[in-house]
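Step one of this worksheet: look at the structure below.
Computed from the coordinates by the stated procedures, all read-outs in this text should not be read as laboratory data. What you are looking at is a predicted structure, and each value in this text was computed from that prediction instead of being measured. Glycine gets a Cβ as well: all are built from the backbone with ideal geometry, and neighbour counts include every protein chain shown.
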Amino acid sequence: MPLGEDDLLARLDALAIPHETVAHDPVFTVEESQTLRGQLGGAHVKNLFLRDKKKRLWLVTVLEDRQVDLKALKKRLGAQGSLSFGDADLLMAVCGVIPGAVTPFAILNDVDKRLSVVLDAGIFDHDHVNAHPLRNDKTTRIPAQDLKRFVAAEGYDAEIVDFGAPLAPES
């Protein structure tokens, strides 16, 4: 059984990462999130669960308004073949979440450490970052710098990418 919201909040507490969670109707898109989240300040993100033809996996967290060029990102990450979105079954198996609930916090469920974590540098221009707490009917806010600490504490070396600057196009 995958870890859930209570496990995440306990982990944040154990790491002394302050957090605040608000409930809302389930959301599956950035547009729905913008409508339902109210006035929750800080960076709001979208998350991409990606794979390449060699079955390598990435969890990419970017500011919600960023355009992500998968061809350029493929080159930056050294992916083999095209980058594509992982399907719902793989997402549940690796991250323990359903589509619409993808979050950087899902690394808690990656017991085999299959994911490579990519974070948008723009997140850290904000005081706080907001992400789903392993479910898409709530949003959890933590200090943005503590996202790096959380990722490191879970055993990942996040790649920080400036998605605000153009990535080199595919040659």
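Looking at the square roots a ≥ b ≥ c of the eigenvalues of the Cα gyration tensor of the stretch 58-171, which shape do they give, rounded for a/c under 1.5, prolate if a/b is larger than b/c, or oblate?
Cα axes put the stretch 58-171 in the oblate bin.
Going by a ≥ b ≥ c, the root eigenvalues of the Cα gyration tensor, does the stretch 53-109 fall in the rounded group (a/c under 1.5), the prolate group (a/b larger than b/c) or the oblate group?
Oblate, because a/c is 1.5 or more while a/b does not exceed b/c.
Mean separation of Cα pairs under 8 Å and 6+ residues apart, divided by the residue count of the chain: what relative contact order is that in percent?
Result for the chain is 30 percent.
Quick one: Karplus J couplings for the stretch 137-142, per residue in order, coefficients 6.51, -1.76, 1.60, θ = phi - 60°, nearest Hz, x for Gly and Pro?
10, 8, 10, 10, 10, 9
Of the DSSP beta bridges with both residues in the chain, give the percent that are antiparallel, rounding to the nearest 5.
Once the DSSP bridges in the chain are tallied, antiparallel ones form about 65 percent.
Roughly what angle does helix 144-153 make with the longest principal axis of the chain, taking Cα atoms, 0 to 90 degrees, to the nearest 10?
70
Could you give the dipole magnitude of the chain about its Cα centre, charging the beta-carbon of Lys and Arg +1 and that of Asp and Glu -1, in debye to the nearest 20?
700
Give the peptides 41-54, 5-18 in descending order of average Cβ contacts within 10 Å, highest first.
41-54, 5-18
Name the shape class, rounded, prolate or oblate, that the alpha-carbon gyration tensor gives for the stretch 104-171, where a ≥ b ≥ c are the square roots of its eigenvalues, rounded holds for a/c under 1.5, and otherwise prolate holds if a/b is larger than b/c and oblate otherwise.
It is oblate, given that a/c is not under 1.5 and a/b is not larger than b/c.
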